[in-house]
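The values are calculated or read from the model by the stated rules, or taken from the named source; none is laboratory data. Note that the structure is a prediction, hence the values are computed from the model and not measured. As a convention, Cβ positions derive from the backbone with ideal geometry for all residues, glycine included, and neighbour counts pool all protein chains shown. The area values use the complete protein model at the heavy-atom level, side chains included, leaving out ligands, DNA and RNA. Shrake-Rupley method; radii C 1.70, N 1.55, O 1.52, S 1.80 Å.
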Amino acid sequence: MIKAPENFIDTAGVRQVFAEAREGRRDFIRSAFAAAAGVATAGMARAATPGDGDPAILELPEHSRGLGQPVVTDGYGKPSKWEANVQRRQSPGLTQTRQASVSFAPLQSLFGIVTPSGLHFERHHQGWWDIDPSRHRLMVNGLVKTPRVFTMDEIMRLPSVSRFHFIECGANTGMEWGNVAVPTCQYTHGMLSCSEFTGVPLITLLELAGADLNKGRFVLAEGADGSSMTRTIPMSLVRSGEVLVAYGQNGEMLRPENGYPLRLVVPGVQGVSWVKYLRRLELGDQPWGTKDEAVHYVDLLPDGTHRQYTSIQECKSVVTTPSGGQVLLDKGFYSISGLAWSGRGKVKRVDVSVDGGRNWRTARLQDPVMSKCLTRFNIDWVWDGKPAIIQSRAMDDTGYVQPSLRQLREVRGTRSIYHNNAVQSWLVQESGEVKNVQVS
Ligand SMILES: Nc1nc2c(c(=O)[nH]1)N[C@H]1C(S)=C(S)[C@@H](COP(=O)(O)O)O[C@H]1N2
Ligand SMILES: [Mo]
């Protein structure tokens, strides 16, 4: 914990004010702050600090005097209209067609570890569908005694499990390979989300079909959309019971954009293997080398060769507050907060630097800390108003430490798209504006 300077407690109280220049939920705090500041200069109030004597509390507003709205029962509940800025967004630099589209989750506006389903990022290789669950089928074939075709009802009758896991697209943070610093953490890291998924362990369905668990070493998963999304899932992951054939997300059915009514959940593995609109599972004895494994989702190395089947998302973290596009309104206290995750297990430790990596302090990890799940961290900081470079560096329970961009480039070169898990740097300028920068 940082010890606050002497005069800090007396005069200003604890300031925790962020605003975002262009988008995001904190604009309203900025306006509230500006209003309070206006009052202060008019000589009516004490220091212009949120929580420190805004006289408006003495006037009863309309909502404290009149009748509120009656319940609305026809339709799904929605967020406050004041939160309309908190949205998934498309990157101006990326394709936005029905053949290929992607939306990014607003990480800078979220708390805790769960991504609300309506803000979950999306990646469609062909576009999304809202499939009739009564007509959807899942076939299990290949090295099995009895090939089976399941209806949704049959799958949902089986014992289910619910688990929290992150999903990250392998291309997340891909733009940062090429020095093309995009402005906000929504665009640098927003192909990342975390939900409680509910479904049946894939191993259960294989056993029901009488799978040959000696010969069967790889499962092919196939989606029902026109993208021919097919991915090889190693049985080493399936045997542990971790891989789920899921229909639930955050307590309700999956959203259409996220694969309704059925998707594969492959904890720790890059998003592309989480096949949506799942319709077929085939057990085989070798990897399939499908188009999404041979042409795409391979990593070009400095010696000209390609890495294939590098599916696990290595340990990574990002500071979400303060982050690119936000504005610090004044010097003083801030709680630096962010997300850490590892495709290999639990996050063990997160260190944070405010001087571009010269000095590091260990952040607090917020409970719960779960395997292959987002972990929230935070650390106290008193900003002295001078330029500061904020970074976070995570370590997982295998002892693996998130690399700096320089360390990553030494091994991987600069021509990659996928699997960039380097330390992210945010520059806080004297003006308070926060910018994405690359520190070598
Ligand atoms: N059937 C199908 N499954 C798919 C895709 C797709 O286009 N079609 N996209 C994949 C990719 S590349 C990612 S990153 C994740 C994205 O999941 P989401 O859209 O639920 O965030 O789904 C994967 N599964
Ligand atoms: Mo992806």
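Once amide H atoms are placed 1.01 Å from N in the peptide plane, what residues at a sequence separation of 5 or more from residue 211, or on another chain, have their amide H within under 5 Å of its amide H?
Excluding prolines and chain starts, which carry no amide H, the hits are 145.
Using θ = phi - 60° and the Karplus curve 6.51 cos²θ - 1.76 cosθ + 1.60, what whole-Hz ³J(HN,Hα) does each residue of region 273-285 get, with Gly and Pro shown as x?
Each residue's phi maps through the Karplus curve to give 7, 7, 4, 8, 6, 4, 10, 8, 10, 10, 8, x, 10 Hz.
Would you mind getting the accessible area per residue of region 122-307, heavy atoms of the protein chains only, 1.4 Å probe, in Å²? Don't skip to the end; give the middle numbers.
Working: 7160 Å² over 186 residues.
In whole numbers, region 122-307 has 38 Å² accessible per residue.
What are the ³J(HN,Hα) values, in whole Hz, obtained from phi via the Karplus relation 6.51 cos²θ - 1.76 cosθ + 1.60 with θ = phi - 60°, for each residue of region 189-197 in sequence order, with x given for Gly and Pro?
10, x, 8, 9, 8, 8, 9, 8, 9
Per-residue HN-Hα couplings for region 161-175, Karplus 6.51 cos²θ - 1.76 cosθ + 1.60 at θ = phi - 60°, whole Hz, x for Gly and Pro?
Calculated HN-Hα couplings, in order: 10, 10, 9, 8, 9, 8, 10, 10, 5, x, 8, 4, 6, x, 5 Hz.
Once the chain is represented by equal point scatterers at the alpha-carbon sites, with solvent omitted, what log10 I(q)/I(0) does the Debye formula produce at q = 0.09, 0.10, 0.13 Å⁻¹?
-0.64, -0.77, -1.17
What is the gain in length, in nm to one decimal, between residue 415 and residue 145 on full extension, counting 0.36 nm per residue of separation less the C-alpha to C-alpha distance?
92.7 nm
If I build a Gaussian network model for the chain, linking alpha-carbon pairs within less than 10 angstrom, which residue out of 352, 144, 411 has the largest mean-square fluctuation?
Greatest mean-square fluctuation among the candidates belongs to 411.
Starting from the amide H of residue 262, placed 1.01 Å from N in the peptide plane, find each other amide H under 5 Å away whose residue is 5 or more places distant or on another chain.
277, 278
Compute, for residue 371, the solvent-accessible surface of its heavy atoms (probe 1.4 Å) with the complete set of protein chains present, and express it in square angstrom to the nearest 10.
Accessible surface of residue 371 is approximately 50 Å².
Based on alpha-carbon positions alone, could you give the equivalent ellipsoid semi-axes of region 122-307 from the gyration tensor, as √(5λ), descending, whole Å?
With the √(5λ) rule applied to region 122-307, the semi-axes are 28, 21, 14 Å.
Round to the nearest 10 and give me the degree value, 0 to 90, for the angle of helix 27-41's Cα axis relative to the longest principal axis of the chain.
Long axis of 27-41 versus the principal axis of the chain: about 0 degrees.
Leaving ligands, DNA and RNA out of it, report the carbon-plus-sulfur percent of the accessible area of the chain at a 1.4 Å probe.
Values: 11070 of 20820 Å².
On the chain, the fraction of accessible area on carbon and sulfur atoms equals 53 percent.
Tell me the accessible surface of residue 231 in square angstrom (1.4 angstrom probe, heavy atoms of protein chains only), to the nearest ten.
10 Å²
Picking from 121, 166, 150, which is most flexible by a Gaussian network model of the chain using Cα springs under 10 Å?
Of 121, 166, 150, the most mobile in the Gaussian network model is 150.
Could you give me the percent of Cα pairs per 10 Å distance bin for region 214-293, shortest bin first, beginning at zero and ending with the bin that holds the maximum distance?
With a bin width of 10 Å, the distribution comes to 19, 53, 24, 3.
Amide H neighbours of residue 139 under 5 Å, counting only residues 5+ apart in sequence or on other chains, H built in-plane at 1.01 Å?
Hits under the 5 Å cutoff: 150, 280, 281.
Order the following by accessible area, largest value first: 306, 136. Probe radius 1.4 Å; ligands, DNA and RNA are ignored.
Greatest to least solvent exposure: 306, 136.
Could you work out how far apart the two model spin labels at residue 296 and residue 382 are, taking each label as a point 7 Å from the Cα in the direction of the beta carbon, and quote it in nm?
5.1 nm
Of 215, 81, 348, which is the most mobile in a GNM of the chain whose springs link Cα atoms less than 10 angstrom apart?
So, out of 215, 81, 348, the one fluctuating most is 81.
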